[in-house]
Amino acid sequence: MSNRILTLLAILTLSVASKAQKQFDLTLSNESKTPVPCYPLTISLHEYGQIRSARVTDQGTEIPCQLDDIDGDGIYDELFVLTDLEKKSKKRLHVSLSEEGAPVNYPSMVYVDMMLTNKKIKESNKQDLYISHLKVDRGVNPYWMLHHHGAAFENELVAYRIYFDHRQTVDIYGKYRKGLELKQTQFYPDKEQKGAGFGDDVLWVGNTFGLGTLRGWDGNSPTMIEDVEHRSQRLVSRGPLRTIVEVKDEAWRQQPGSAPVDMTTYYTLYAGRRDCKVDVRFSRDVSDLQFATGLINVKNSIEYSDQKGLRGCWGTDWPVSEKDSAGHKRETVGLGICIPTTNIGKELPANKDNYPYVVKVTGDRLTYFISFCSDNETFGMHNAKDWFAYLEEWKGMLNAKIRRE
């Protein structure tokens, strides 16, 4: 075989290998005086082709990573990594992407599920009709069709659920010990599980904001998300490092006679963090609309606000209606929300139901964060002073200046 042919074969081999695998270094610089544990790093994959597997190393040591297909077209859109960043520090990660193979099966640090209610099974913690996506038409209320009333997700610290109805309320499940347990309790622990130290629902939400639910605003009060053509919930990502739940409202008319808009909300929970990221995307510019969110006014709660988008409360109440309180105890919780100051139309004083905000959106996107703790935790906060101190530290972490190179 001639040298020319050998050279051409070598070039072809290198070209194929280069196409199949792409490697690069990524430097993260924390320019703030606040350490950021479990910093969420997302890398878009659109410029790298159809990636099928990935590995990430930190100083030569492999760390878990996650490939996600956000839009559900069968092609991975994002590579996701969690890494700790010390204050005023730099970290370099090495990323290897490949168009071959399959994602590494790292141990999962998060969990998410959605289930139809199986009426043949009486036990609330043994349901088995798992689904990943449900879309309903106008007038259909799937709240009672779904076990735990919508998608539920957790990490070792906290657990959340999203009601699948016109309220779309964010509700919470508090833990005593660290660990994943929703697969076992399914949000409703039985007597034996409670005795063994499993967590439970710790908040009654009713028609309130619960924990940071986004609603409409009619100029005087919050409005539910009722006038929609279709609504859906979809499990976008199941771990091992983050869960993503999509809630979609199609052709929502916030007020009678108003132009319809599609609203898609992504709830993202990371391993190792209490907070949940709320990303809201609209199908058009909604600068002409106002919205509302905030926190439930837990009975006899103490309020905290920095008047700049950080708000919290600490209080104690029944986690269910008082008429259904048999078998339950009063629960003490700390709630928190952090909204960009540019999105605050007005911070309203507390009323009997909520600590409310009027929210404005310039353009078609809104992002804010919610967080909570339960006094039951053996690892968390147990008084208002410590909870509010956490909220201040949390906001500092959210606002830390991280530069990518």
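The values are calculated or read from the model by the stated rules, or taken from the named source; none is laboratory data. Note that the structure is predicted; figures quoted are calculated from it, not measured. Neighbour counts run over all protein chains shown; Cβ positions are idealised from the backbone, glycine included. These area figures cover heavy atoms from the full protein model, side chains too; ligands, DNA and RNA do not enter into them. Shrake-Rupley method; radii C 1.70, N 1.55, O 1.52, S 1.80 Å.
What about residue 109, is it open to solvent by less than 20 Å² (accessible area, probe 1.4 Å), of a type in the set (A, V, I, L, M, F, W, C), within 23 Å of residue 174 (Cβ to Cβ) and under 20 Å from the mean Cα position of the chain (by Cα)? When the stated conditions are applied, residue 109 does not pass them.
Taking residues in the range 65-83 that are in contact (Cβ under 8 Å) with a residue 60 or more places away in the chain and closer than 17 Å to residue 246 by Cβ, and partners anywhere that are surrounded by fewer than 21 Cβ atoms within 10 Å (Cβ to Cβ) and of a type in the set (Lys, Arg), the pairs with Cβ atoms closer than 8 Å and at least 6 places apart or on different chains are 72/234. Does residue 308 count as open to solvent by 60 Å² or more (accessible area, probe 1.4 Å) and under 18 Å from residue 371 (Cα atoms)? Criteria met by residue 308. Of the residues making up the range 84-117, those that are free of Cβ contacts under 8 Å to residues at least 60 places away in the same chain and closer than 22 Å to residue 151 by Cα are 116, 117. The number of residues in the range 139-153 that are more than 15 Å from residue 266 (Cα to Cα), open to solvent by less than 10 Å² (accessible area, probe 1.4 Å) and not in a loop (DSSP other than H, G, I, E, B) comes to 2. Being in contact with an Asp or Glu (Cβ under 6 Å, 6 or more places away or on another chain) and open to solvent by less than 60 Å² (accessible area, probe 1.4 Å): is that true of residue 34 here? Here the answer is no, as residue 34 does not meet what is asked.
The sole residue among 82, 116 that is under 19 Å from residue 272 (Cα atoms), surrounded by 13 or more Cβ atoms within 10 Å (Cβ to Cβ) and not aromatic (Phe, Trp, Tyr) is 82. Within the range 358-379, being among the small types (Gly, Ala, Ser) and either open to solvent by 30 Å² or more (accessible area, probe 1.4 Å) or over 21 Å from the mean Cα position of the chain (by Cα) (or both) holds for one residue alone: 363.
Listed here are the residues, each with its yes/no results for (1) within 28 Å of residue 342 (Cβ to Cβ); (2) in contact with a Ser or Thr (Cβ under 7 Å, 6 or more places away or on another chain); (3) not hydroxyl-bearing (Ser, Thr, Tyr).
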residue: 225; (1), (2), (3): yes, no, yes
residue: 240; (1), (2), (3): no, yes, yes
residue: 266; (1), (2), (3): yes, no, no
residue: 314; (1), (2), (3): yes, yes, yes
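Remark: pairs (first residue in the range 318-334, surrounded by 10 or more Cβ atoms within 10 Å (Cβ to Cβ) and among the basic types (Lys, Arg); second residue part of a strand (DSSP E or B) and modelled with pLDDT of 70 or more; Cβ separation under 6 Å; 6+ apart in sequence or on different chains) = 330/316. Could you tell me whether residue 401 is open to solvent by 20 Å² or more (accessible area, probe 1.4 Å), touching an Asp or Glu at 6+ places or on another chain (Cβ under 6 Å) and closer than 25 Å to residue 40 by Cβ? So residue 401 fits the description; yes.
Residues of the range 305-315 that are touching a Lys or Arg at 6+ places or on another chain (Cβ under 7 Å) and either in contact (Cβ under 8 Å) with a residue 24 or more places away in the chain or charged (D, E, K, R) (or both): 305, 310.
Condition test on residue 281, is it crowded, with 22+ Cβ neighbours inside 10 Å and in a strand (DSSP E or B)? Spelling it out, it is not the case that residue 281 is crowded, with 22+ Cβ neighbours inside 10 Å and in a strand (DSSP E or B). The residue that is most open to solvent (accessible area, probe 1.4 Å), counting only those in the range 175-223 that are β-branched (Val, Ile, Thr) and out of contact with any Ser or Thr (no Cβ under 7 Å at 6 or more places or on another chain), is 223.
For the range 56-76, the set of residues classified as within 26 Å of residue 233 (Cα to Cα), open to solvent by less than 30 Å² (accessible area, probe 1.4 Å) and out of contact with any Asp or Glu (no Cβ under 6 Å at 6 or more places or on another chain) consists of 65, 66, 67, listed by residue number.
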